[in-house]
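Working notes for the structure below.
Derivation of every value follows stated rules applied to the coordinates shown; laboratory data play no part. Because the structure is a prediction, the values reported are computed rather than measured. Cβ coordinates were reconstructed from backbone atoms using ideal geometry, including for glycine residues, and neighbour counts include every protein chain displayed.
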């Protein structure tokens, strides 16, 4: 496929990165739909690699993810465009929302709106997980493996307060050892 113009790539990051709410997971799911499913600019495998590598980098994962996807689609200029288009406008919005919250934080309507938004974010995060997991559920054995990895990661993080890096490392090792042939 022919590489898209840098302006198209930057516009996709700008549009999606600044109209999705709920954090990096929802943004990454929307970017997957755009870059993999709709435009075909990258493969599902490239997406999964960028997603996984962004998870283990220090700092904000979505910035690393946007830089990796941008680089894959349009080289170093795509990496810069992806990172800036995703972060600069949303940082300005975050400052404005924080100011508004500080001015209205005692209002019960504001608290009700935040509770509704939190519930919606949980749903969007579940949808993001499903989009990431769905390609790996081609057989009952893969589904069982995914459920076991999910349960183990959840228990390690929730009950034993294990940080993400050891969980991801252990899951990668377990996935390597438990191959589908």
Checklist entry - In what sequence, highest mean first, do 86-94, 114-122 appear when ranked by Cβ atoms within 10 angstrom? => result 86-94, 114-122
Checklist outcome for this item: So residue 44 and residue 173, fully extended at 0.36 nm per residue minus their Cα-Cα distance, gain in nm 44.3 nm
Checklist entry - Once the principal axes of the Cα atoms of the chain are found, what is the range along each, listed largest first in whole angstroms? => result 57, 47, 27
Item to check | Rounded D (µm²/s) - region 107-181, Kirkwood Rh over Cα pairs, Stokes-Einstein at 4 °C, 1.567 mPa s | outcome: 89
Item to check | Paramagnetic reach from residue 94 (point 7 Å along Cα→Cβ, amide N under 19 Å) across region 119-138 | outcome: 121-122, 125
Next on the checklist: If each DSSP helix of 4+ residues adds -39,500 (n - 2.57) and the sum is divided by the residues in the chain, what number results at 222 nm, nearest 500 deg cm²/dmol?
Outcome noted: -26000 deg cm²/dmol
Checklist outcome for this item: Per the Cα gyration tensor, region 138-181 corresponds to an equivalent ellipsoid with semi-axes, largest first in Å, of 21, 12, 5
